[in-house]
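The values are calculated or read from the model by the stated rules, or taken from the named source; none is laboratory data. Being a predicted model, the structure only gives us computed values, none of them experimental. Cβ placement follows ideal geometry from the backbone for every residue including glycine, while neighbour counts extend to all protein chains displayed. Surface accessibility is based on the protein's heavy atoms, side chains included, excluding ligands, DNA and RNA. Shrake-Rupley method; radii C 1.70, N 1.55, O 1.52, S 1.80 Å.
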Amino acid sequence: MILVTGAAGFIGANFVLGWLSSVGESVLSIDKLTYAGNLENLACLRGDSRHTFAQLDIADSDELLRLLAHHQPRAVVNFAAETHVDRSIDGPDAFIQTNIVGTFRLLESVRNYWIGLEGRAKTEFRFLHVSTDEVYGSLAPDQAAFTETSNYEPNSPYSASKAASDHLVRAWHHTYGFPVLTTNCSNNYGPLQFPEKLVPLVILNALGGKPLPVYGDGLQVRDWLYVGDHCSAIRRILEEGKLGETYNIGGWNEKTNIEIVTAICHILDEIRPRTDGLPYAEQISYVTDRPGHDRRYAVDARKLERELGWRPVETFETGIRKTVQWYLNSPEWIKSVQSGSYRDWVQKQYSDGSDI
Ligand code: NAD
Ligand code: DAU
């Protein structure tokens, strides 16, 4: 079996669901269940004997060692992290604790388990650390996309904490020979994403008749990848990636934020028009910019294509349509994530944008 951390979050849950339906090997899912973790994301696995869930902080070494000894996974895929840039600006503590201290404790626990393995169980063991393109900093409009050899220049508390975790993973390989792989991926979108992030926030606010908050001039660029494609890349790297290497994962889909918001509005105009007949774009509202906002990310994923033969399946047009449709079809899930703490965050974050 494999162990997946952060399995109740957006990408972790998509990964576990995709893994069980494509590979079929058993999974031990662990998650601290912070505000971003939602067991509803894994609800369809209730009663599936291939899946086990444990509520656990990656920093809880004792319990982690007990679980590792009991379940004997052949690999660990680490998604567990604090992930929202705006929250990292508002309160960086949790980011330092989970992304840096937590990753360190996870590395040590898993390394201790790995040391005790023998033969093929030891040589074939893998620790895959899921990271982000944000560690590379921000690009000018004419600069080439990030490659695996781009300098680390993180700009937010979130990206700095992820950069630190990447460095720990690298050092554990170099110093202890611990069998690691690191992935640096661009912006994901798709089913099960918590509606603090741009794509689900815009879909839900549009349907709720609320303003669609666009930071600054809305011309910041991100490289968008459908979550199912991110998961397929991780599966490929886990099986065929070269130990100690890092792999960039991207969608070849650079778009400005205002293009993203407008694309969502157009799809909704088509499949769920407003009752007053006006376009959803009427709800767009420019609000105060994010402090230190990175202007552009773009990922050069040619190493992954060249060495492991991976390319994304979805285009932005097919992926965003599937995503909008999923949110339209999932009212119960939406109710389950729009709790009091979600409403408190939205009120605090968008307090200058009246009623967002
Ligand atoms: P998410 O916030 O939806 O999920 C994170 C999960 O980790 C949650 O379920 C949370 O409960 C859990 N968690 C947090 N702290 C924990 C701890 N101390 N111990 C155990 N579990 C803990 O995030 P996501 O978007 O699914 O991101 C998953 C990973 O992918 C992160 O490492 C993130 O940096 C990386 N990533 C995300 C994107 C993206 O666009 N969302 C892009 C590239 C990389
Ligand atoms: O690049 C990968 C990263 O992508 C991941 O590592 C992060 O975990 C993930 O959260 C994401 O970070 P971003 O900051 O790019 O994602 P977010 O959805 O928060 O914002 C996307 C862009 O949209 C960004 O330029 C900020 C802008 N934005 C965001 C929100 C929430 C708005 O204009 N309005 C908003 O209300």
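Worth pointing out:
- Sole exception among (1) outside any loop (DSSP other than H, G, I, E, B); (2) open to solvent by 20 Å² or more (accessible area, probe 1.4 Å); (3) out of contact with any Gly (no Cβ under 6 Å at 6 or more places or on another chain) for HIS173, by number: (3)
- Filter result for LEU219 (among the hydrophobic types (A, V, I, L, M, F, W, C) and within 9 Å of ligand 1 (Cβ to nearest atom)): no
- All positions within segment 319-331 that are open to solvent by 20 Å² or more (accessible area, probe 1.4 Å) and in contact (Cβ under 8 Å) with a residue 24 or more places away in the chain: ARG321, LYS322, GLN325, TRP326, LEU328
- Residue check for ILE100: at pLDDT 95 or above, open to solvent by 50 Å² or more (accessible area, probe 1.4 Å), out of contact with any Cys (no Cβ under 6 Å at 6 or more places or on another chain) and assigned to a helix (DSSP H, G or I): no
- Inside segment 45-64, residues that are within 22 Å of GLU25 (Cβ to Cβ) and not in a strand (DSSP E or B) make up a count of 9.
- Unmet criterion (only one of (1) part of a helix (DSSP H, G or I); (2) farther than 30 Å from LEU128 by Cα; (3) at pLDDT 95 or above; (4) open to solvent by 20 Å² or more (accessible area, probe 1.4 Å)) for LYS303: (2)
- The set of residues from segment 206-223 being within 9 Å of ligand 2 (Cβ to nearest atom), open to solvent by 10 Å² or more (accessible area, probe 1.4 Å) and either in contact with a Gly (Cβ under 9 Å, 6 or more places away or on another chain) or outside any loop (DSSP other than H, G, I, E, B) (or both) comprises TYR215, VAL221, ARG222.
- Flag if GLY47 is within 14 Å of ligand 1 (Cβ to nearest atom) and not hydrophobic (A, V, I, L, M, F, W, C): no
- Residue pairs whose Cβ atoms lie under 9 Å apart, sitting 6 or more positions apart in sequence or on different chains, and linking a residue in segment 72-90 that is in a loop (DSSP other than H, G, I, E, B) to a partner that is near ligand 2 (Cβ under 9 Å from one of its atoms) and hydroxyl-bearing (Ser, Thr, Tyr), are ALA81/SER131; ALA81/THR132; ALA81/TYR158; GLU82/TYR158; THR83/THR132; THR83/TYR158; HIS84/TYR158.
- Matching residues in segment 135-167 - criterion: being under 19 Å from ALA80 (Cα atoms), open to solvent by less than 40 Å² (accessible area, probe 1.4 Å) and in a helix (DSSP H, G or I): VAL135, TYR158, SER159, SER161, LYS162, ALA163, ALA164, SER165, ASP166
- Here is the figure for segment 33-71: residues that are within 16 Å of ligand 2 (Cβ to nearest atom) and open to solvent by 40 Å² or more (accessible area, probe 1.4 Å) total 2.
- Residue among THR83, THR132 that is within 16 Å of ligand 2 (Cβ to nearest atom) and open to solvent by 40 Å² or more (accessible area, probe 1.4 Å): THR83
- Subset of segment 224-235 (residues that are outside any helix (DSSP H, G or I) and touching a helix residue (DSSP H, G or I) at 6+ places or on another chain (Cβ under 7 Å)): TRP224, TYR226
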